[in-house]
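**Student:** Below you'll find the structure I mean.
What follows draws every value from the coordinates through simple rules; no lab data is involved. Not measured: the values here are computed from a predicted model. Neighbour counts are summed over all protein chains in view; Cβ atoms, including those assigned to glycine, are modelled from backbone coordinates with ideal geometry.
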Amino acid sequence: MNAQIKEIGTTPEIRQKMLRRLITAKPIVRIMESHSGLTGLIIEHTKVEVNGKKEEFDGIWSSSLTDSTCKGKPDIEAVDLTTRLQDLTNILECTTKPIIYDGDTGGLTEHFVFTVRTLERNGISAVIIEDKVGLKKNSLFGTEVRQTLATIPDFCEKISKGKQAQVTKEFMIIARLESLIAGFPVSNALERAFAYVKAGADGVMIHSKEKSGNDIKEFCLKFRIEYKDIPIILVPTTYNQFTEDELHEWGANIIIYANHMLRASYPAMFKVATTILENERSKEADALCMPIKQILELVPGTK
Ligand code: SPV
Ligand code: MG
């Protein structure tokens, strides 16, 4: 049945609803970054069997970092929604899994309400917006760069205006807490998280670049005392020694692998480029490349 649905594709409505269903049905919803139709296809179709259990990705992360990097632009909200939607459309065309959109700061509240509707119309399940203001810099810089937090009332207003603007019941606005990234303690993140949930946030994403994971664990355990059911989203890029099961024990619902498709492809492409330059021909690069026959058969309908 599932395979049949996949073959005929999906509708924006069916796709959008799927994320909430997965959150209810699964201990951990596993999301992988995609920045192109091709990476979308990998996420859609890759399946493995571990100890007799079939594993696959549940959905797709549309990352501002990888969308920007692919365009040779810095991750500072320089790539606008319209441009990002072009790539997203390629992903929508060849996948059926739910999509979470990285909305950066959400921009001005007056603009964010339009972003919400545009994403909904395209069948996106959720947008995550982060509580920063000013020129946004990637969170993984931490305090190396200026990271200015929004005031709690301002960010609450952005969340509640976004919730009022949405047309469907299912669309989710997830509040991303940047307290730990900006050098503030867990207590600051918790205070904000509680306020954002009261303002209508459908979930919270707590981010950190600390490797130990202690700050994230403390946040999750304390947040769960107050809210049993509000989804917690984690992006374990730096604290990736923990398994999904372990993160679930802390209280997490969604795990996002935020940049791995892009980080995997760049070294592979760079190696091929340097190998061709070093040898002044491509023969030595053959071993590093997919066979021609395989690329021709990769996308159905190419023949
Ligand atoms: C992204 O993928 O663009 C993110 C996650 O926002 S991070 O890069 O870790 O800030
Ligand atoms: Mg981002």
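**Student:** Calculated from DSSP H runs of 4 or more alone, at -39500 (n - 2.57) each and per residue, what is the 222 nm mean residue ellipticity of the chain, nearest 500?
**Tutor:** -14000 deg cm²/dmol
**Student:** Quick check: residue separation of His45 and Asp245 times 0.36 nm, minus the Cα distance between them. What number comes out in nm?
**Tutor:** Result: 69.7 nm gained on full extension.
**Student:** Next question. Between Asn214 and Lys303, how high is the FRET efficiency from 1/(1 + (r/R0)^6) when r is the Cβ-Cβ distance and R₀ = 45 Å? Nearest 0.05.
**Tutor:** Plugging the Cβ-Cβ distance into 1/(1 + (r/R0)^6) gives 0.25.
**Student:** Which of the lysines could a cross-linker span from Lys53 if the Cα-Cα distance has to be under 23 Å and same-chain partners fewer than 8 positions apart are dropped?
**Tutor:** Filter leaves Lys6, Lys26, Lys97.
**Student:** If you project the alpha carbons of region 2-258 onto the principal axes, what extent comes out on each, in Å, largest first?
**Tutor:** So the extents along the principal axes, rounded to whole Å, are 48, 43, 36.
**Student:** Among 214-221, 173-180, how do they line up by average Cβ neighbours within 10 Å per residue, starting with the highest?
**Tutor:** Descending packing order for the listed peptides: 173-180, 214-221.
**Student:** Apply the a/c threshold of 1.5 to the C-alpha gyration tensor of region 260-303 and tell me whether it is rounded, prolate or oblate.
**Tutor:** Oblate.
**Student:** How far is the Cα center of region 248-275 from the Cα center of region 31-96, in Å?
**Tutor:** 11 Å
**Student:** Restricting everything to alpha-carbon atoms, can you work out Rg to Rh for region 43-115 with a Kirkwood hydrodynamic radius?
**Tutor:** 1.08
**Student:** Taking K and R as +1 and D and E as -1, what net charge do the other residues with C-beta under 13 Å from the C-beta of Phe171 add up to?
**Tutor:** Around Phe171, the charge tally is +3.
**Student:** Let me have the relative contact order for region 2-258, percent, based on Cα pairs under 8 Å that are six or more residues apart.
**Tutor:** Once normalised by length, the contact order is 20 percent.
**Student:** Around Asp102, with a cut-off of 10 angstrom between Cβ atoms, what is the net charge of the other residues, counting Lys and Arg +1 and Asp and Glu -1?
**Tutor:** Counting the neighbours of Asp102, the net charge comes to -3.
**Student:** Right, next: Return the tail of the calculated pair distribution for region 176-303, meaning the percent of Cα-Cα pairs more than 27 Å apart.
**Tutor:** Considering region 176-303, 43 percent of its Cα-Cα pairs are separated by more than 27 Å.
**Student:** Now, a different point. Please arrange Val127, Val48 by counting, for each residue, the other beta carbons lying within 10 Å of its beta carbon, fewest first.
**Tutor:** Ranking Val127, Val48 by Cβ neighbours within 10 Å, fewest first, gives Val48, Val127.
**Student:** Right, next: If you take the beta carbon distance between Thr274 and Leu135 as r and set R0 to 30 Å, what does 1/(1 + (r/R0)^6) give as a FRET efficiency, to the nearest 0.05?
**Tutor:** 0.30
**Student:** Can you compute log10 of I(q)/I(0) for region 49-179 with the Debye formula, treating each Cα as one identical point scatterer, at q = 0.11 Å⁻¹?
**Tutor:** Ignoring solvent entirely, the Cα scatterers give -0.42.
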